[in-house]
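Participant: Submitted below is the structure of interest, expressed as structure tokens.
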Number of protein chains: 4
Amino acid sequence: MHYEKIFEEIFHELQLTEDKGQVAEYIPELASVDPNQFGVHLTTVEGAGFSFGDAQTQFSIQSIAKVLSFVMAYGRLKSEIWERTNLEPAGTPFNSLLQLEIDMGIPRNPFINAGAIVICDILVSQLADPKEEVLAFVRRLSGNSSIHYNPRVARSEKDSGSRNYAMIYLMKSFGNIDNEIETVMDLYFHLCSLEMSCEELATTFLFLANNGVVPWSDERILSPSRTKRTNALMQTCGFYDEAGQFTFKVGLPGKSGVGGGIVAVHPGKYTIAVWSPPLNSKGNSYRGMLFLEQFTTVTRLSIF
Amino acid sequence: MHYEKIFEEIFHELQLTEDKGQVAEYIPELASVDPNQFGVHLTTVEGAGFSFGDAQTQFSIQSIAKVLSFVMAYGRLKSEIWERTNLEPAGTPFNSLLQLEIDMGIPRNPFINAGAIVICDILVSQLADPKEEVLAFVRRLSGNSSIHYNPRVARSEKDSGSRNYAMIYLMKSFGNIDNEIETVMDLYFHLCSLEMSCEELATTFLFLANNGVVPWSDERILSPSRTKRTNALMQTCGFYDEAGQFTFKVGLPGKSGVGGGIVAVHPGKYTIAVWSPPLNSKGNSYRGMLFLEQFTTVTRLSIF
Amino acid sequence: MHYEKIFEEIFHELQLTEDKGQVAEYIPELASVDPNQFGVHLTTVEGAGFSFGDAQTQFSIQSIAKVLSFVMAYGRLKSEIWERTNLEPAGTPFNSLLQLEIDMGIPRNPFINAGAIVICDILVSQLADPKEEVLAFVRRLSGNSSIHYNPRVARSEKDSGSRNYAMIYLMKSFGNIDNEIETVMDLYFHLCSLEMSCEELATTFLFLANNGVVPWSDERILSPSRTKRTNALMQTCGFYDEAGQFTFKVGLPGKSGVGGGIVAVHPGKYTIAVWSPPLNSKGNSYRGMLFLEQFTTVTRLSIF
Amino acid sequence: MHYEKIFEEIFHELQLTEDKGQVAEYIPELASVDPNQFGVHLTTVEGAGFSFGDAQTQFSIQSIAKVLSFVMAYGRLKSEIWERTNLEPAGTPFNSLLQLEIDMGIPRNPFINAGAIVICDILVSQLADPKEEVLAFVRRLSGNSSIHYNPRVARSEKDSGSRNYAMIYLMKSFGNIDNEIETVMDLYFHLCSLEMSCEELATTFLFLANNGVVPWSDERILSPSRTKRTNALMQTCGFYDEAGQFTFKVGLPGKSGVGGGIVAVHPGKYTIAVWSPPLNSKGNSYRGMLFLEQFTTVTRLSIF
């Protein structure tokens, strides 16, 4: 398909809509981003790439990184992971403590904040140097050894992280945290600070469209069955309280971040990453969601 | 594929597992069903059919019918439907009033009880003779003019329906019910009383695997886009508080009922219906869930 | 004390404050009341009476009647009553279903709507002609045989009673309702429709200030111990989500209604009833609350 | 009255009941207490004292200290205190985060953990050396300069304090904590570690029975109005989720702690402290509650 032409057309359509989104403002690094930047990149499993706009500009991928830390833990553990976190859609706003209290410290799924913190706790238990090893893993997936944490973002996340601290302490009170609070949170805040471009994101997630194998390096990251399950998990849990909307309108598994990025996977076919900083009321990229809805409508390529 | 052989093999594997399920007991008609019955039927969009076990025995499809009433309303209304019900996974047990109260009388999605009651209210507003027209619609989809409501089941549902009455009154108090309570509930209880066999169920849902068109009659039921969206909705909301599990383990959109039936759709390929009365703790068929998990694992046919 | 002079002074002070209350509008009979009416009446256990303003005008006592139905049931039952309702403050807004669901159909206390409905269910089980016998009981307490239900108010309550129906059906689903829904609700709606003046209210509640005995007739209504307990219950549960405020600022047990009435009891000394229709955001009489706060401050007569 | 005889009789009655309570076990210092110890002490405002059993043995007063820190803050602040904490009964178990989240970080009242932490935050803002000044205040009230914090208890509280940390971080995320987390928590954990005997407790609380003045030193602690209000607050909020029960059965304002102590106030008359380590399911002294119920029944001395 002429993806680049399609990208351009949808982009121009979106320009006509009255933009209602707002960039995240809880940390200075996100608040100061130019809201008009817009990028999209699609990579096929065969290796073809299609870019539009600011597709090579790095941005804060934020919660999108939760898929990567989950994959790293999931590749190392068997079913034990599901004794520590559930795998159901959240049903309440993404940072709610209510659910965590009712469910005795077990998060609803590994892609909400509480669940991602539990995954970090697991990685701290499993890895000798968690921050370095997670970074090395991401670099290998992306094929780019310059991917980095942004220490200022990590520091800002920590400074405004009271709610995340409330969650880890609550989980600890139920016995669902094994390691030192600060060690776990340090990994978590660094994870959220990873920076990538749309092109790098699409590349990094390509193994999920390719049965668990990185196409260019032939490295197996997950078994075919676990790859499918990771995609399934993104489908039901990848968009906070808007997973149903995204599944309904876009019809692909994916994950969003408050930096305005979204990555989606079409199993067997391609990955696509889109970036537009202003967010809708649910914390997902306002134009990113619309763009992907239009894209799967025009191309008739959803999994359903 | 040799589906029938696969069915048989999985069935025998399941015989070895210690069955933990229990048949629904809240109404006599469900409590008295022989728990050892087991049927499965797969129909391809090309018209091939594969059966195993009690695939021709009719049973109470219960909540599976909520997809059919939704499709009927969705085919008649535009976006107004989404002013009356949300489309997000429930996040709390399937008959909870908590969510309904927090969300001011708007159900989480049309497949939980509260949402299905709102859909019934919409159909009562739209149709001259709702019970007859819904039945005629189902008969047309199934190609079987003898499909019927079971009046004793409908009556039992009403007799034990206090919680459903609580929900409709709560929604009414928020202004989200337009018609007479008893008229709406009468349609709802009859809907739940529909009886079909696995073969009839698989046939009835085939339009959802075929872009919205009934293959043998060429009748268009939904547009391609709405067909995809209905499948997407089943994926995130079709299994009460276990939608994540089903998506994760089975990887197909589907819908379950407390009669022990499950129907699943592989878009572009087939529909499959399985029936085994004993339920797991979440109210889904215990062996039906395991069967479909094994089936998509063995055949490597999930959408992810 | 010169109560009448104190009443007048406080009333004039209150005139100076900017009134922020609003009359209840969910039924026409309450919405059309003249909001400027104001009455207060104090009766001592020795029989002295002190009036101010519209103290002889009858108004809809609404939830205040819940104390009277409770007393009638409490006088007939032993501890069984506490298997049907708890006796703790509600902690959530007065008509919430959330608590009722978490506590499996057991209301927090007999003075919230759900609890009062359970008390009506108990009275329907206990009495041959519940509506007539409750009325006769109230007439005996008040010494006024013309006290009556207002049938138009009862009918309006029923017409706007969806939320109360939601609650009774929810409790029924948990097995906490024994009788026909409509019979119980008919008693409940009539109970809410009772009309009394401040003078009649103060007189009716006098037995609670007099160890359980009606002073002028010497009829024992409750044992001394149960009288104390009923007062204690009003203290912690008499003001919806504002029981703490009332206890803190007024320091007397009491009960309010959305008709704008409040009755308070000083054990061993007096009862006082005040009426001003506009309500604060919690559903209690705006000026009635302020009046009683001033009254116990000026007279230094609280129980604490 | 012959209080000591009454104490002895009730104590012997209680010996006959099958004791169902269990000592608190979350910290070693409480778990290792001899559960058979039992003490009671009553002090009249005129200075008469009546003891029974282990009335001179010091124990961990735990949450009872929350009244003392509240009084210290309340004596220094005007209504600002009510912008930081509400004053309504909790309605949910005493350490629930659910309410705190719904109410945007404002605790229900100053006697639940979250509210007491806010009071500590206020004291840290107000006092130069909070821990020392609070201790000096308690020593002045008790007339005993040897009252002390137990540093091992304070340390154990901190070690098992994850849930309290979750609460302070949650409140901080809503902007309701001004000072350093560790400074506030250090004061809080020390407060909980105060040790007193029944006699010392009864003496310490005597100003609340005496219009705000310490009888033997004539020091005014609170104005008469604030004294009444503090008593009212204990009445509605002093017993976690059992305030209604205590008010109903005992009929005096009071406060309990998980060390098994309870202190109650009869305004104008006396204070009484009872101690028995095993707790009921709500976290209040099992025999202490029963003792006080019997005591006010036998003496007919409740405020209602």
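The values are calculated or read from the model by the stated rules, or taken from the named source; none is laboratory data. Source: prediction; values computed, not measured. Methodologically, a virtual Cβ is constructed for each residue, glycine included, from the backbone with ideal geometry; neighbour enumeration extends over all protein chains shown.
Participant: Looking at (1) touching a residue at least 60 places away in the same chain (Cβ under 8 Å); (2) among the hydrophobic types (A, V, I, L, M, F, W, C); (3) farther than 26 Å from residue B:262 by Cβ, which is the only condition residue B:71 fails?
Facilitator: Looking at each condition in turn, residue B:71 falls short on (3).
Participant: Let me ask you something else. Of the residues C:233, C:187, C:194, only one is of a type in the set (A, V, I, L, M, F, W, C) and either within 14 Å of chain B (Cβ to nearest Cβ) or over 16 Å from residue C:114 (Cβ atoms) (or both); which?
Facilitator: From the options C:233, C:187, C:194, the qualifying one is C:194.
Participant: Can you name every residue in region B:256-269 that is within 14 Å of chain A (Cβ to nearest Cβ) and out of contact with any Pro (no Cβ under 6 Å at 6 or more places or on another chain)?
Facilitator: Passing the criteria: B:264, B:266, B:267, B:268, B:269.
Participant: Answer yes if at least one residue in region B:147-158 is at pLDDT 95 or above, within 14 Å of chain C (Cβ to nearest Cβ) and farther than 18 Å from residue B:110 by Cα, and no otherwise.
Facilitator: Yes, there is a match, as at least one residue in region B:147-158 is at pLDDT 95 or above, within 14 Å of chain C (Cβ to nearest Cβ) and farther than 18 Å from residue B:110 by Cα.
Participant: Kindly check whether there is at least one residue in region D:170-184 that is away from chain A (no Cβ under 14 Å) and either without any contact (Cβ under 8 Å) to a residue 60 or more places away in the chain or surrounded by fewer than 24 Cβ atoms within 10 Å (Cβ to Cβ) (or both).
Facilitator: yes
Participant: Just a yes or no: is a residue in region B:106-118 at positive phi and surrounded by fewer than 23 Cβ atoms within 10 Å (Cβ to Cβ)?
Facilitator: For region B:106-118, residues at positive phi and surrounded by fewer than 23 Cβ atoms within 10 Å (Cβ to Cβ): absent.
Participant: Considering only residues of region A:216-230 that are in contact with a strand residue (DSSP E or B) (Cβ under 8 Å, 6 or more places away or on another chain) and not basic (Lys, Arg), which is farthest from the other protein chains (Cβ to nearest Cβ)?
Facilitator: The selected residue is A:219.
Participant: Report the residue count in region C:49-96 for those that are more than 14 Å from chain D (Cβ to nearest Cβ), closer than 26 Å to residue B:171 by Cα and assigned to a loop (DSSP other than H, G, I, E, B).
Facilitator: Number satisfying all stated conditions: 1.
Participant: Sort out which residues of region C:48-80 are at pLDDT below 95 and in contact with a helix residue (DSSP H, G or I) (Cβ under 9 Å, 6 or more places away or on another chain), and write them in order of number.
Facilitator: C:75, C:76, C:77, C:80
Participant: Within the bounds of region C:260-282, is there any residue that is surrounded by fewer than 24 Cβ atoms within 10 Å (Cβ to Cβ), among the β-branched types (Val, Ile, Thr) and touching a Gly at 6+ places or on another chain (Cβ under 8 Å)?
Facilitator: no
Participant: Go through region C:271-289 and give me each residue that's of a type in the set (Ser, Thr, Tyr) and either within 14 Å of chain D (Cβ to nearest Cβ) or closer than 26 Å to residue D:241 by Cα (or both).
Facilitator: Scanning region C:271-289 gives C:271, C:281.
Participant: Looking at C:40, C:23, which is the one that is more than 14 Å from residue C:294 (Cβ to Cβ) and in contact with a Gly (Cβ under 8 Å, 6 or more places away or on another chain)?
Facilitator: Exactly one of C:40, C:23 is more than 14 Å from residue C:294 (Cβ to Cβ) and in contact with a Gly (Cβ under 8 Å, 6 or more places away or on another chain), namely C:23.
Participant: For region B:236-249, which positions are facing another protein chain (nearest Cβ under 8 Å) and under 15 Å from the mean Cα position of the chain (by Cα)?
Facilitator: Scanning region B:236-249 gives B:236, B:237, B:241, B:242, B:243.
Participant: Any residue in region D:138-162 that is among the aromatic types (Phe, Trp, Tyr) sitting within a Cβ distance under 6 Å of a residue that is part of a helix (DSSP H, G or I)? List the pairs, counting only those 6 or more apart or interchain.
Facilitator: Close Cβ pairs satisfying both conditions: D:149/D:190.
Participant: Just to be sure, is residue D:252 farther than 22 Å from residue D:37 by Cβ, more than 9 Å from chain C (Cβ to nearest Cβ), surrounded by fewer than 20 Cβ atoms within 10 Å (Cβ to Cβ) and of a type in the set (A, V, I, L, M, F, W, C)?
Facilitator: The answer is no for residue D:252.
Participant: Within region B:206-227, track down each residue that is more than 24 Å from residue B:78 (Cβ to Cβ) and either within 20 Å of the chain's Cα centre (by Cα) or of a type in the set (Asp, Glu) (or both).
Facilitator: B:206, B:209, B:218
To keep it simple, each residue is scored yes or no on (1) out of contact with any Leu (no Cβ under 7 Å at 6 or more places or on another chain); (2) aliphatic (A, V, I, L, M).
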| site | (1), (2) |
| --- | --- |
| A:199 | yes, no |
| A:203 | yes, no |
| A:235 | yes, no |
| A:246 | yes, no |
| A:256 | yes, no |
| A:259 | no, no |
| A:265 | no, yes |
| A:289 | yes, yes |
| A:296 | no, no |
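Participant: Restricting to region D:290-303, and then to whatever is within 14 Å of chain C (Cβ to nearest Cβ) and in contact with a Phe, Trp or Tyr (Cβ under 9 Å, 6 or more places away or on another chain), can you tell me which residue is modelled with the lowest pLDDT?
Facilitator: Checked region D:290-303; the qualifying residue modelled with the lowest pLDDT is D:301.
Participant: Within region A:1-35, take every residue that is assigned to a loop (DSSP other than H, G, I, E, B) and over 24 Å from the mean Cα position of the chain (by Cα) and give me the one that is surrounded by the fewest Cβ atoms within 10 Å (Cβ to Cβ).
Facilitator: A:18
Participant: Do you know which of the residues in region A:119-137 that are without any contact (Cβ under 8 Å) to a residue 40 or more places away in the chain and either farther than 21 Å from residue A:205 by Cα or within 14 Å of chain B (Cβ to nearest Cβ) (or both) is surrounded by the most Cβ atoms within 10 Å (Cβ to Cβ)?
Facilitator: A:127
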